[in-house]
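The structure appears right after this line, and notes come after that.
Throughout, read-outs are computed from the coordinates displayed, never taken from laboratory work. On a predicted model such as this, the values are computed, not experimentally measured, just so you know. Cβ sites come from the backbone with ideal geometry, for glycine too, and all protein chains shown count toward neighbours.
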Amino acid sequence: MLGTLLLSTIFLTDTTAMAPHHLDEVVVVSYKQGGKRSAKGQTASIDEHLSELSHVELVRRGSYAWEPMVNNMQTERLSTTIDGMKIFYACTDKMDPVTSYVESGNLQSISLNAGLNGNPQATGNIGGSLDLRLRKVGFAGAPFHLNTSVGYEANGQLQVYGADATHSSRHFYIGGGAFYRHADNYKSGGGDRLPFSQFQKVNAFVNTGLKLTDNDVMETTLIVDRASDVGYPALNMDVAKAEAFITSLSYKHLFVSPLFNSWETKVYYNHIVHEMDDTHRPDVEIHMDMPGRSWTAGAYSLLTGSVGRHETSLNVDGYYNRLFADMTMYPGGAAPMYMVTWPDVGTLNMGVSFSDRIILSSLSVLHLSAKVSWQQQRLNNEEGHQALSVFFPGMRRQYHQTTGRMAASYQLSLSDLRLSVGAGWGSRAPTVTESYGYYLNNTFDQYDYIGNPRLKNESAVEVNAAINWQPDKTFSIGIDGNAFLFTNYIIGQFETRLSPMTVGAEGVKVYGNISHAIIANASLTIGWKPIDGINWNTTLAYSLGHDEHDDPLPLIAPFSYTSRLTYSTGRLRLLAEVKGHVRHTAYGVKYGEKETPGWVVCNLSTSYTLQHVTLRTGIENILDRFYTTYADWNGIPQKGRNIYLNISFEL
Amino acid sequence: MKVKGLFLFLSAIALTSCNSNDDGVSAGIEIPGITITNDIDCCTAEQALQAYKFLETVKIIPTLTTEVDRKYNVYAYTRTGKFHIGYNEVFFVATKKSSNNYIKDFSITGLTPLMLMTKMKMEHSTPVSGSAEVFNDNFPAIKRAWVSFIMSSSESGSWTLSYHVDVLGGKGDVNKAGLTVDALPDGQAWLKSFKVGDDTYFLSLANASDWKTGSNVIRAYISKKSTPITTPYALAEESFTVDIDPRMPDMGNHTSPDNRPLTPQADGSYQGTINLTMTGLWRIHLTIRDAQGHVVAGGDNQSSGYSSLFWDVTI
């Protein structure tokens, strides 16, 4: 079984030949050196940083708050944490993936663990787990550091202003900063302006650290983020405001012991307030108010140690999250219509995870990880419970689920060849939308979705393999692949007996389990350094996703390619890039997906550093192509030609 | 002891409550107007308390009050202290003047609503329950009747209501007491009529004001127009089934699943199940079938595709 799957997925890979774990990647957000980073530097949005990761695609509903997909799986099959903290989006229409509540200036890096081998705090991460690592100067930094950046993009008049400063001493550090972004409507290829693609965002953060003793550290973080007047051209509504308050307090003890390394315990709290807005739209049939709220409080405690060849970690975590959303519709002259769309669902989740990295020899490493979680969900809102009970008579107020995951991977590094194989099993509980969502209109397929409290957990077996051959320093070729074999895959299913609520909707779907499904990804990467300073890198990627009837699943990437030529000397860096997708032929027609034509765009960028100042400029979509990708919700067009310029100053 | 405890409780109510039931009762009495004795005609302390608590939730209609044999008072109440078009519940209670305690056994019969249309010089009645019945065994002293008004009071017409009362052998009457019947607000239409041959029937929706989002019991009465029309319209002797199709006209005629038709119940009402997925205006399209299952009214699918016979309910 394993062998045949490996063969069937053998032609694939990763762009991070240098990363220690072949499927795990890090994109560096901050000004520190090393690793992958966006050509736009720190003024790049979180979304642009995310797009640097090779297993990541982004669903765009506008020019702000893109939804990351890892291994062609969306939010419900991923875990997203901020420094290990759980946070849940508050919009029933997924307008606010949690990555939208941080700013580049808040982060040191974004780390991705593809597949079931998640970070210790991750739960439900079948497709992968993203951890947004906050930037902390620590106790060994420069006494004072200042970083400011200003960016401008011609297309959409995007303006970015950011500044942050840190102070570091042996016993204390503090860092803080503020960011502001503002964009007008952008122009798609050909020059047409896309209405409702504007946004505005402010973000501020402070973090502190206090060394209590040589081995004991206390740290705090606080992030306040507010987006307002955010347009969503792919949807029927915009967002008046999306606010997050994210805070944590942690205590870390470093051991001077042969057994344990560190023990970190963190308590955290965050809340999100999200308010949609249709007041600026023309032709609104019925004005609606659709607010959503998310509160999360939690804690985790992570103990790491090493014994002989083992590097181990043990993590215990727990959180309580509440999600509430409702909708009030105002038909002209008649009584308002009200419904609860997320019935104030309280989720109490507790988990224990363990990982062990075993250095078998100087050439080979075995990595094992496992987690078990238990959760209880309660519908705190009576009206929402009564409403759902119409569809599920006799449904309870309270449900609980137990989920788990385990993964093993083996890596072998020879002089010119690196090989890895991995396998895992994991399950996830249905999300609040999938279990209890109420008439949530999905503009992707124009169906109203109703949650199903009787869903079974979804589970998947993952197998992955990668091989990288580097005969000499100038050339490398790698293939990687993975396959996820799902059982009880959760997806909306037609329910023709029900009548849609949203005016103009095609019908109603109720979430259900389908017996099985498969998602597989493969990529091929070639790197070539003909002469010093010149680097040519090409990646080809292929994915497939099928349901139990072998029909294509929606939002599975078509064959894609990226080719980059980089020239860098000490101070100057030039990058030319061609990327594209072929025509999306295996689109999920059954799931309302439409065909997307192939496209190709060319980008140029350059950066130059002179002492404290770095200048970055570039031109994206040079040929001003009009195009839309398979992940552009409702086929909204991408940006046309865009020239950007940004300057950052460091002291 | 138990009774003493109740007295204390009643005293507490007396101190904290104030409502129209206290009309005519002198202040300063520890129990709000009621003396519990071992009078077998009257309620026990528990029954009196339950009745008292219920009466706090309704409002008196002063014009329907009467006195019998100078020994008993009879009071009538509605939920709001007013009447409106369509189904109205009327609650009756009789008290002994000596103790003001509620009398267990009395009867209200011959409820006769009458509309006098002054301009047209015409009189007609409206659907009504013939008598008042005990509706909750916990407080048998309160009897319920109903009247379903087919039109509101106006300059051109006014309503009166008459009834007979029999309290412990003493008889009394309320004769043509004037009433004001209000129109229902927009988005509420709880009374509809249909014809089968020459007969006219009225469909009175009884419990729309209790509905919430979710699954609800739908209760209605079907009454038949009398000849002469001044005779109160009694419940129809024919048996029907009422299919319901609830729709939201403001939401593209959105509907809900698993609604169940109204079928005749032992108490003379019709009951079914209506599922409401949200608040707002619901138009409940009706199809009436006779005992043989033939459609006799509604279900005629007008241009909208839905029956032209409907109730409107805004929750």
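Some observations on this one:
- Beta bridges from DSSP with both residues in the stretch A:2-650: antiparallel share about 95 percent, rounded to the nearest 5.
- Averaged over B:274-283, number of beta-carbon atoms from partner chains that fall within 10 Å: 6
- For peptides A:452-458, A:65-71, sequence by mean Cβ density within 10 Å, most packed first: A:65-71, A:452-458
- Distance between the pseudo-spin-label points of A:ILE647 and B:MET117 (7 Å out from Cα toward the beta carbon): 8.7 nm.
- Note on A:GLN159/A:GLN376: beta-carbon distance plugged into 1/(1 + (r/R0)^6) with R0 of 51 Å gives a FRET efficiency of 0.65.
- Residue exposure proxy: A:THR562, B:THR95, ordered by other Cβ atoms within 10 angstrom of their Cβ from fewest to most, comes out as A:THR562, B:THR95.
- When only the Cβ of Lys, Arg, Asp and Glu is charged (+1, +1, -1, -1), the dipole of the stretch A:149-238 relative to its Cα centre reaches about 120 debye.
- Fully extending the segment from A:HIS400 to A:VAL202 would add 67.5 nm, taking 0.36 nm per residue of separation and subtracting the current Cα-Cα distance.
- Residues B:TRP311, A:TRP599 arranged by fewest to most Cβ contacts within 10 Å: A:TRP599, B:TRP311
- Computed label-point distance, nm, for sites B:SER193 and B:VAL134 using a 7 Å Cα→Cβ extension: 3.7 nm
- FRET efficiency, B:HIS294 to B:THR37 (Cβ-Cβ, R0 60 Å, nearest 0.05): 0.55
- Other-chain or far-sequence residues with amide H under 5 Å of A:LEU134's (modelled H): A:ASP83, A:GLN108
- Residue-span extension gain [A:PHE245 to A:SER515] - 0.36 nm each, minus C-alpha spacing: 93.2 nm
- Separation of alpha-carbon centers, the stretch B:148-196 and the stretch B:200-256, rounded to whole Å: 18 Å
- Reported to the nearest whole Å, the Cα centre-to-centre distance from the stretch A:133-151 to the stretch B:118-142 is 81.
- With respect to chain B, whose longest principal axis is taken over its alpha-carbon atoms, helix B:45-55 is tilted by about 50°.
- Members of B:LYS176/B:LYS224; A:LYS40/A:LYS86; A:LYS473/A:LYS639; B:LYS143/B:LYS176 lying beyond 26 Å, as alpha-carbon distances in this model show: A:LYS40/A:LYS86; A:LYS473/A:LYS639
- Axis angle, to the nearest 10 degrees, between helix B:2-16 and the longest C-alpha principal axis of chain B: 70 degrees.
- With the simple model of a label 7 Å out from the Cα in the direction of the Cβ, A:HIS612 to A:ARG281 spans 4.8 nm.
- Annotation: the residues A:SER648, B:SER303, A:SER364, A:SER100, sorted from fewest to most other C-beta atoms within 10 Å of their own C-beta, follow the order B:SER303, A:SER364, A:SER648, A:SER100.
- Extension gain (nm, one decimal) between B:SER152 and B:ASP166, 0.36 nm per residue minus Cα-Cα: 2.1 nm
- Counting Lys and Arg as +1 and Asp and Glu as -1 over every other residue whose Cβ lies under 14 Å from the Cβ of A:THR213, the net charge comes to +1.
- Mean partner shielding of peptide A:381-387, defined as the number of other chain Cβ atoms within 10 Å of each residue Cβ, is 4.
- Coupling constants for the stretch A:200-217 follow from the phi torsions by the Karplus curve (6.51 cos²θ - 1.76 cosθ + 1.60, θ = phi - 60°), and in residue order they are 8, 8, 10, 8, 9, 8, 9, 9, 9, x, 9, 8, 7, 9, 4, 10, 10, 10 Hz; glycine and proline get x.
- Two-site FRET efficiency, A:LEU366 against A:PHE559, from Cβ-Cβ distance with R₀ of 30 Å, rounded to 0.05: 0.35
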